[in-house]
Amino acid sequence: MNATVRAVTDRIVERSAAGRAEYLSRIRAAADTGPARGRLACANLAHGFAAAEPDGKRALRGSVKPNLAIVTSYNDMLSAHQPYRDYPEALKKAVVRAGGIAQVAGGVPAMCDGITQGRDGMQLSLYSRDVIAMSTAIALSHDMFDGALMLGVCDKIVPGLLIGALSFGHLPTVFVPAGPMASGLPNGEKAKVRQLYAEGKVGREELLEAEAASYHSAGTCTFYGTANSNQLLMEVLGLHLPGSSFVNPGTPLREALTRAAGRRATELTRQGGEPTPIGEIVDERAIVNACVALLASGGSTNHTIHLVAIARAAGITLTWDDLSELSAVVPLLCRIYPNGAADVNHFHAAGGIAFLVHTLLRAGLLHEDVRTVAGHGLSLYTREPVLRGSDLTWEEGPKASLDLSVLRPATDPFAADGGLRMLTGPLGRAVVKTSAVKPEHRLVTAPAVVFDDQQDLLSAFAAGELDGRDLVAVIRYQGPAANGMPELHKLTPALGVLQDRGQRVAIVTDGRMSGASGKVPAAIHVTPEAALGGPLARVRDGDVITVDPDAGVLDLHVDREELSRRPVTGRAPQGAEWAGTGRELFAAFRSTVGSADTGASVFPGVAVPPQEVAVVQPA
């Protein structure tokens with residue numbers, strides 16, 4: 001085992017000892033040797049099976065067959081979730097054949113960050129994760145269930161489902177993916193059209209045509225953003241069946257894997273003979289495995305928030321320092337857009353998760369000794385699902401990459417360290433995704449241009465006010481407590497244009513840039529945020545800022561005493577400015593949400609006090 005990975009794991013175990021012990025005690029006390037519905041009074045139970053078919057009623061009245069909850073994020077507007085339309089019936093049939101019974105216990109909301117990007121609705125996006133967790137808890141709260149199947153793919157949906165499932169950690173739970181759409185217009189070509197549109201060189205019709213050719217069918221978007229990072233992490237956490245994450249929708253293999261998920265979830269119940277509670281799977285070693293996989297694949301920056309919140313839901317305290325220390329020793333092994341030209345279909349064809357797990361295990365960077373829904377040991381995830389006629393089987397995956405331009409072994413990485421870095425300095429702590437940023441563009445020292453709204457930056461760009469000069473774009477009042485921490489991905493094309501013109505540019509923000517963070521260095525998730533008195537609230541136009549991912553520094557070249565004497569400028573939206581698009585319903589979230597480095601959650605025990613900021617003195 002790599003010494004740093006072992007040391008970080010040991011530190012997390014020690015730090016989490018009390019919280020993890022309390023969590024395990026709670027979920028073990030909730031477990032019962034018989035079907036959960038056997039604890040219900042007759043009237044309660046009758047309500048629970050009133051709508052079932054006759055065979056289902058007989059099974060639910062009895063005390064032998066396990067009952068599985070299906071919690072679904074299906075809707076037919078979002079491409080990633082549209083395939084789930086037919087999953088419940090397929091899963092029910094598979095569970096019945098395996099000796100159990102299943103019911104759709106509830107649905108959870110599923111919003112698309114791609115649709116709400118740059119719109120008011122994006123200000124609900126991060127909050128939706130905790131709403132999904134609560135919706136999952138409501139679905140499971142009826143005490144009718146002995147296990148669960150979670151149907152979700154995209155950005156906040158999977159972390160929310162997992163946080164909710166961990167509240168019912170005594171239940172065996174299998175996550176069921178839907179798979180990515182087939183490859184369309186290459187993501188790099190789409191990005192070029194976006195930049196041309198930002199420059200006014202093509203019109204809306206050309207832009208829409210490019211976007212429609214890229215996002216063209218049912219399935220997950222093919223770039224390596226948060227949705228596909230979710231899928232990879234669920235597999236490395238041991239919550240997907242091996243090799244199931246990136247199989248396209250509507251294929252015979254996808255359908256066979258869905259049926260297999262229902263069968264396996266039944267087997268994992270006490271009645272099925274292999275009791276495997278999800279709260280026992282998601283332990284400190286599994287969380288470290290997820291962190292390593294995120295770093296090695298150059299995954300979404302959103303998971304520096306989500307993994308912290310997920311860990312805390314299981315009684316585990318993960319910090320940004322842990323991620324930073326792991327990033328220093330975990331090599332970057334993947335080039336998937338926006339970190340390269342390939343999409344997730346190319347990654348899957350090159351060897352995918354099976355080869356990634358294989359090479360990381362051989363390098364001693366992953367814990368093999370973990371529990372998973374497939375059985376004991378992460379080496380089970382070096383296998384790939386294969387259809388032999390109508391029979392689904394798992395066979396050993398490739399032991400060498402099938403395309404070294406997309407996926408490499410740990411002995412020959414794209415970079416010696418991971419795709420994410422943590423920055424510290426007078427402005428606080430921040431995260432930067434370096435895997436998509438060329439080395440010559442990473443270090444930027446330039447005057448600040450300060451904005452309190454992303455639209456103001458885009459207007460300044462359109463007016464030519466940012467032309468011909470180096471700059472650090474500071475976009476503040478975008479944190480969790482200010483306006484829900486929206487993604488600011490619409491800034492990437494405009495700033496990318498300036499970079500291509502030879503200007504040195506960077507972004508500093510207490511908001512998010514999403515898994516699609518691009519080629520411009522972006523110090524994001526700045527904590528403490530401006531709305532809570534963070535130093536960003538005192539930055540002025542012309543202040544010189546250094547963004548240096550390689551040194552781990554976010555520097556403000558202003559005397560510290562002078563900075564402290566400055567008045568706060570700007571503010572977060574207030575009062576009536578919050579009305580509309582449902583935002584007024586989330587006032588309680590804005591007043592209670594935790595900081596980005598503690599998971600940006602509204603849940604007690606998850607939103608813990610942030611750790612002290614390590615301040616770097618200005619140069």
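Taken along the Cα-to-beta-carbon direction at a fixed 7 Å, the label points for His376 and Asp470 span 5.8 nm.
Could you size up the charge dipole of the chain around its Cα centre, putting +1 on the beta carbon of Lys and Arg and -1 on that of Asp and Glu, and report it in debye to the nearest 20? List each step's numbers first, then the result.
Working: 58 positive and 64 negative charges, 266 e Å.
For the chain, the charge dipole is close to 1280 debye.
For the stretch 286-442, the per residue solvent-accessible surface stands at 29 Å², with DNA, RNA and ligands left out and a 1.4 Å probe.
Within the stretch 170-216, the proportion of Cα pairs with more than 18 Å between them is 45 percent.
In plain terms, the chain from Glu440 to Arg85 could stretch by 123.1 nm, reckoned as 0.36 nm per residue minus the Cα-Cα distance.
Classify the stretch 490-545: rounded, prolate or oblate, from the alpha-carbon gyration tensor (a ≥ b ≥ c, eigenvalue square roots; a/c under 1.5 rounded; otherwise prolate if a/b is larger than b/c)? Kindly include the intermediate steps, with their values, before the conclusion.
On the way: a/c = 3.06, a/b = 1.48, b/c = 2.07.
Note, shape of the stretch 490-545 comes out oblate.
With R₀ fixed at 22 Å, the C-beta to C-beta distance from Thr581 to Asp456 puts the FRET efficiency at about 0.70.
Measuring between their Cα centroids, the stretch 525-582 and the stretch 13-35 lie 40 Å from each other.
Taking the Cα centre of the stretch 1-63 as origin, work out the dipole magnitude from +1 charges on Lys and Arg Cβ and -1 charges on Asp and Glu Cβ, in debye rounded to 20.
Values: 11 positive and 6 negative charges, 13 e Å.
Here the size comes out at about 60 debye.
Its Cα gyration tensor gives the stretch 449-511 an equivalent ellipsoid, and the semi-axes of that ellipsoid, as √(5λ) in whole Å with the largest first, are 21, 11, 10.
State which stretch of the chain is the longest one without any exposed trypsin sites (Lys or Arg not before Pro), exposure meaning a DSSP loop state and at most 15 other Cβ atoms within 10 Å. The partial results should precede the final answer.
On the way: sites that count: Arg119, Lys201, Lys399, Arg469, Arg501, Arg540, Arg571.
Here the longest run is 202-398.
Averaged per residue, the stretch 130-238 has 29 square angstrom of accessible surface, using a 1.4 angstrom probe with ligands and nucleic acids left out.
Once all Cα-Cα distances of the stretch 294-418 are split into 10 Å bins that start at 0, what whole-number percent is in each one? In whole percents, the pair-distance histogram is 12, 37, 37, 12, 1.
Report in % the part of the accessible area of the chain that belongs to carbon and sulfur, leaving out ligands and nucleic acids; probe 1.4 Å. All intermediate terms of the calculation are to be shown ahead of the outcome.
Working: 11990 of 22500 Å².
Roughly 53 percent, rounded to a whole number.
Determine the alpha carbon to alpha carbon distance for each of Lys156/Lys192; Lys433/Lys519; Lys65/Lys93; Lys192/Lys519; Lys57/Lys93 and list only those over 20 Å.
Numbers: Lys156/Lys192 28 Å; Lys433/Lys519 9 Å; Lys65/Lys93 14 Å; Lys192/Lys519 12 Å; Lys57/Lys93 15 Å.
Flagged as over cut-off: Lys156/Lys192.
Where does the chain land on Rg/Rh, using Cα atoms and the Kirkwood Rh? Rg divided by Rh gives 0.97. What is the distance in Å between the Cα centres of the stretch 224-280 and the stretch 291-325? Using only Cα atoms, the two centres lie 21 Å from each other. With coordinates expressed along the principal axes, the C-alpha atoms belonging to the stretch 210-297 extend over 50, 32, 15 Å, beginning with the largest. Measuring spread by the Cα atoms of the stretch 141-290 yields a radius of gyration and Dmax of 18.8, 64 Å. For the chain, the relative contact order is 14 percent, taking Cα pairs closer than 8 Å that sit 6 or more residues apart in sequence and dividing their mean separation by the residue count. Length gained on full extension, Ala341 to Asp559, computed as 0.36 nm times the residue gap minus the Cα-Cα distance: 74.2 nm.
Mind pulling the per residue volume of the convex hull built on the Cα atoms of the stretch 1-60? Å³ is fine.
Numbers: hull volume 9.7 nm³, N = 60.
Dividing the Cα hull volume of the stretch 1-60 by its residue count gives 161 Å³.
With every protein chain kept in place and ligands, DNA and RNA left out, what is the accessible area per residue of the stretch 1-83? Probe 1.4 Å, answer in Å². Provide the component values of the computation, followed by the final result.
On the way: 4560 Å² over 83 residues.
Roughly 55 Å² per residue, with all protein chains present.
Can you give the extra length, in nm with one decimal, that the chain gains between His216 and Ser63 once fully stretched, where that is 0.36 nm per residue apart less the Cα-Cα distance? Let's see the in-between values first.
Details: separation 153, 0.36 × 153 = 55.08 nm, distance 4.71 nm.
Fully extending the segment from His216 to Ser63 adds 50.4 nm.
The helix-only estimate of mean residue ellipticity at 222 nm for the chain, built from DSSP H runs of length n ≥ 4 each weighted as -39500 (n - 2.57), is -10500 deg cm²/dmol after division by the residue total.
The values are calculated or read from the model by the stated rules, or taken from the named source; none is laboratory data. In this text the structure is predicted, and so the values were computed from the model without any measurement. We place every Cβ from the backbone using ideal geometry, glycine too, and count neighbours over all the protein chains shown. Please note that ligands, DNA and RNA were not included when accessible areas were found on the heavy atoms of the full protein model with its side chains. Shrake-Rupley method; radii C 1.70, N 1.55, O 1.52, S 1.80 Å.
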